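Heads up, the thing below is written out as structure tokens.
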Amino acid sequence: MAHFLVVSFPLPGHINPALELSRRLARAGARVTLVSSVYAHRRIIESPPTDGLSYASFSDGYDDGLLIEPDNNGSDEADKARDFGAQFRQAGARKVSELLRTFRDGGRHVTCLVYSINQTWAADLAREQQIPSVPFWFQPAAVLAVYYHYFHGYDHLISKVESDPGFLVRLPNLPLLASKDVPTILLPSDPFSGLRVEFKEQFGILDKEIKEGKPKPRVLVNTFDSLEREAIGSVDQLDLICIGPLIPAQPKKRSSEYYMEWLDSRPVSSVVYVSFGSITCPPKQQMEEILNGLLEAQHPFLWVIRGSDTGSGREIQSRVDESGKGLVVLGALKWRFWRTRRRWTDQMTNAKLVEDVWRAGVRVKVNEEGVLEGGELKRCLEVVMGGEEMKKNARKWKDLTRESVAEGGSSDLGLRAFVEEIRGVGSV
């Protein structure tokens, strides 16, 4: 039996798709162990058990999670992110080494290690023990392609989009990209640009496999063929295995979730959902502008405000309750695919895809201070909520999404073929 050790970075954008990937691997007949930090483990431990899936955790010093404020100028937040990654790497390496030894000694050796992008330390450990490893890319294939080409000869062109506002970079099989369309850490002025070395190390691992004469390096990608066919073909040097979208096919509805009852009382496709994820915190001025825009737009809305924002969140909740126009949830909901919420990292490219390629949304414009004003938010909501073409496109992508993950769909077949390949390797 194939045994996958899945190593997930402990941020929700990694954890949630890694959990769904682990479930699908187990349903495909493999034994799976999902390992991450204590924080991540707390988020998934209440999930319905899946036969063949087990969990392992370790403390990385951030048992209560991490809060990043990417809109802050300066290096403090970037330093915080680097320290967070370094501590996870050190603690994770110890835990993964221990697990590999334990499984080997117990006769349940790991046949493949799957790791979140940029966790190359896990790939190094697998290589030392001659265990195949495969990175898991949870972002769109188009984002992968931009990063890949940056580190393979296009860095000067991608960097130029920031110094020359009118310049558009053309990458193989991708739409023309301006500075607002490029992952932010690839731009020279971005305070988090130091993190790009992690992506360089990731592609360096894959390049090394090619230089050694091995077959095309495999990368599991959280997308599906019909959604990103051109972007998938942008990187011929890699074997991109589309296995997404990695969200539950039928999310379980629990009666204790009061917001579900509120949603059910509203007409279909009438509610605006607002969330800024679980590691970012918008400034108070921005929160107020968003609230004003939502109230002026006259559409019912569900706004999820993370726990660390509960101070301003309670004030907003009180105003929304008085208006009767929406519902504020203080906490976090586990609805994820890709998120186009902030002007940070891959969200820039995601927004480009949603607006110009899939035509299922619009990108907001911020003022000179980088703040989204309430009037601009109202304008965009009217375009999206009243646009029949966008609704038609959204329904089309929804149907194609379901087809891809259904039994016999492209993502289902791709994942099962991958499991069979690893099973064959393990039986040699």
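Against the condition outside any loop (DSSP other than H, G, I, E, B), modelled with pLDDT under 95, within 23 Å of residue 122 (Cα to Cα) and in the same structural domain as residue 158 (by TED's automatic domain parsing), how does residue 194 come out, does it pass? Yes. Can you say whether residue 230 is within 25 Å of residue 352 (Cβ to Cβ), out of contact with any strand residue (DSSP E or B) (no Cβ under 9 Å at 6 or more places or on another chain) and assigned to a helix (DSSP H, G or I), as far as the supplied structure shows? Yes: the conditions hold for residue 230.
This table checks each residue for (1) surrounded by fewer than 18 Cβ atoms within 10 Å (Cβ to Cβ); (2) without any contact (Cβ under 8 Å) to a residue 12 or more places away in the chain; (3) within 29 Å of residue 8 (Cβ to Cβ).
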| residue | (1), (2), (3) |
| --- | --- |
| 140 | no, no, yes |
| 189 | yes, no, no |
| 200 | yes, no, yes |
| 218 | no, no, yes |
| 226 | yes, no, yes |
| 234 | no, no, yes |
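Of the residues making up segment 407-420, one or more are of a type in the set (Val, Ile, Thr) and either surrounded by fewer than 17 Cβ atoms within 10 Å (Cβ to Cβ) or in the same structural domain as residue 185 (by TED's automatic domain parsing) (or both). Mind checking which residues of segment 125-151 are in a loop (DSSP other than H, G, I, E, B) and within 13 Å of the chain's Cα centre (by Cα)? Across segment 125-151, the qualifying residues are 138, 139, 140.
Among the residues of segment 370-393, those that are of a type in the set (Asp, Glu) and farther than 14 Å from residue 299 by Cβ comprise 373, 376, 388, 389. Within segment 12-35, can one find any residue that is under 18 Å from the mean Cα position of the chain (by Cα), assigned to a strand (DSSP E or B), free of Cβ contacts under 8 Å to residues at least 40 places away in the same chain and assigned by TED's automatic domain parsing to the domain that holds residue 243? Yes, segment 12-35 contains at least one residue that is under 18 Å from the mean Cα position of the chain (by Cα), assigned to a strand (DSSP E or B), free of Cβ contacts under 8 Å to residues at least 40 places away in the same chain and assigned by TED's automatic domain parsing to the domain that holds residue 243. Within segment 159-172, the residues that satisfy the criterion of being buried (at least 18 other Cβ atoms within 10 Å of the Cβ) and at pLDDT 95 or above are 169, 171. Quick check on residue 385: is it in contact (Cβ under 8 Å) with a residue 60 or more places away in the chain, out of contact with any Lys or Arg (no Cβ under 8 Å at 6 or more places or on another chain) and not charged (D, E, K, R)? So residue 385 fits the description; yes. Among the residues of segment 399-428, the ones that are in contact with an Asp or Glu (Cβ under 7 Å, 6 or more places away or on another chain), in a helix (DSSP H, G or I) and not hydroxyl-bearing (Ser, Thr, Tyr) come to 1 in all.
The values are calculated or read from the model by the stated rules, or taken from the named source; none is laboratory data. Small disclaimer: the values here were computed from a predicted structure and weren't measured. Please note: Cβ atoms are built from the backbone with ideal geometry, for glycine as well, and neighbour counts cover all protein chains shown.
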